[in-house]
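The values are calculated or read from the model by the stated rules, or taken from the named source; none is laboratory data. Small disclaimer: the values here were computed from a predicted structure and weren't measured. Methodologically, a virtual Cβ is constructed for each residue, glycine included, from the backbone with ideal geometry; neighbour enumeration extends over all protein chains shown.
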Amino acid sequence: MLTAENQKIIKRNVNAFVPAPLTKIQITDPGESHYIATGKMKRFGNLVDVEVSVKKETLDPVYWSILDDFIMFDMQNMGEITLNSAVVVSDPIYARDVWCRTTLTNVRPGQWEIVVALDKIDSWGKRLYILELWHKGTPRPESPDWVERFNLGVDSAKMSVFDDAHYRRKNGSIEEYEADNEAKELFNNKCYELTDNNDRCGVFTHDGNAVGFVCSSGIGDGSYLLRTIEQDGETIAMMINFM
């Protein structure tokens with residue numbers, strides 16, 4: 001029964017469970033095995049709506065999530081990579097002939113800055129939810145006009161952006177790479193290592209040069225839309241939303 005005393009216990013347990021205290025907590029009984037607590041939380045510089053599932057038997061919270069459809073994340077800089085005009089965007093386990101990956105051929109060559117949204121929005125924990133890359137020498141537009149380009153598949157819970165000359169090649173050769181099992185294993189292992197850290201991502205280097213970026217993909221496998229910004233016939237920005 002949802003007594004006054006039980007509500008006090010639930011509110012105390014909820015605020016010990018979520019990453020920041022909730023205000024204006026309301027508790028309802030949907031008639032199932034859990035109570036539902038809702039409230040406001042200060043997150044990303046704003047107040048967001050949060051829902052918490054609470055087990056009736058013990059009054060312990062078991063899952064929380066932000067309900068807002070739009071979340072303004074704090075973006076973090078993750079370094080720079082060098083890209084030429086041909087760029088592969090793909091789950092890094094995919095061979096070059098897999099259909100649900102893409103190669104952009106109109107990318108503006110140069111240094112590219114990488115920024116990500118890395119935070120907690122539910123009980124899944126800290127995850128990478130947005131990946132953006134911006135051409136360093138090009139001013140960022142005040143009102144970005146993102147163009148939908150391609151639905152990317154993910155089967156390893158990872159995504160990558162590589163200069164085409166360094167994606168699944170050996171000495172620049174696709175054939176040489178495909179014939180070398182050790183080269184394949186080294187590439188795959190390095191991609192896994194780059195996501196096996198607190199940042200869930202990292203810059204891929206070859207002979208000391210930053211030629212790619214590998215990151216985890218939000219809550220894991222699925223299909224994610226690649227968007228770009230175009231200027232004078234060239235891609236000057238890329239973005240993938242993993243939410």
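Residues satisfying the criterion are present in region 197-205 (criterion: buried (at least 20 other Cβ atoms within 10 Å of the Cβ), at pLDDT 95 or above and under 16 Å from Asn84 (Cβ atoms)). Taking the criterion of being among the acidic types (Asp, Glu), modelled with pLDDT of 95 or more and under 23 Å from Ser217 (Cα atoms), the only residue of region 38-89 that qualifies is Glu80. Which of the residues spanning region 16-50 are farther than 13 Å from Val62 by Cβ and of a type in the set (Ser, Thr, Tyr)? Across region 16-50, the qualifying residues are Thr23, Thr28, Thr38.
Counting only strands (runs of 3 or more DSSP E) wholly contained in region 60-115, no element carries 2 or more residues that are at positive phi. Among the residues of region 75-116, the ones that are buried (at least 20 other Cβ atoms within 10 Å of the Cβ) and under 30 Å from Asn46 (Cβ atoms) come to 4 in all.
Could you tell me whether any residue of region 52-74 is touching a residue at least 40 places away in the same chain (Cβ under 8 Å), surrounded by fewer than 16 Cβ atoms within 10 Å (Cβ to Cβ) and within 26 Å of Glu178 (Cα to Cα)? No, there is no match, as no residue in region 52-74 is touching a residue at least 40 places away in the same chain (Cβ under 8 Å), surrounded by fewer than 16 Cβ atoms within 10 Å (Cβ to Cβ) and within 26 Å of Glu178 (Cα to Cα). When Arg108, Arg101 are checked against the criterion of being closer than 20 Å to Asn241 by Cβ, at pLDDT 95 or above and not hydrophobic (A, V, I, L, M, F, W, C), a single residue qualifies: Arg101. Cβ separations smaller than 6 Å between residues 6+ apart or across chains give the following pairs from region 180-192 residues that are closer than 19 Å to Val154 by Cβ to residues that are surrounded by 14 or more Cβ atoms within 10 Å (Cβ to Cβ): Cys191/Pro92; Cys191/Val214. In region 159-218, the qualifying residues are those that are in contact with a Cys (Cβ under 9 Å, 6 or more places away or on another chain) and part of a loop (DSSP other than H, G, I, E, B), and the one that is farthest from Met78 (Cα to Cα) is Arg200.
Residues of region 158-210 that are of a type in the set (A, V, I, L, M, F, W, C) and more than 19 Å from Val115 (Cα to Cα): Ala165, Ile174, Ala179, Ala183, Leu186, Phe187. Candidates Ala16, Ala20: the one that is in a loop (DSSP other than H, G, I, E, B) and loosely packed, with under 14 Cβ neighbours inside 10 Å is Ala20. Screening Asp119 on (1) under 10 Å from the mean Cα position of the chain (by Cα); (2) farther than 20 Å from Arg43 by Cα shows it passes everything except condition (2).
The set of residues from region 143-156 being farther than 13 Å from Ser223 by Cβ and in contact (Cβ under 8 Å) with a residue 40 or more places away in the chain comprises Pro144, Asp145, Trp146, Val147, Arg149, Ser156.
Kindly indicate whether Gly31 is among the small types (Gly, Ala, Ser) and either touching a residue at least 12 places away in the same chain (Cβ under 8 Å) or crowded, with 18+ Cβ neighbours inside 10 Å (or both). Considered against the rule, which asks whether it is among the small types (Gly, Ala, Ser) and either touching a residue at least 12 places away in the same chain (Cβ under 8 Å) or crowded, with 18+ Cβ neighbours inside 10 Å (or both), Gly31 comes out as no. On inspection, Ala4 qualifies as surrounded by fewer than 15 Cβ atoms within 10 Å (Cβ to Cβ) and either assigned by TED's automatic domain parsing to the domain that holds Val203 or farther than 30 Å from Ile130 by Cβ (or both).
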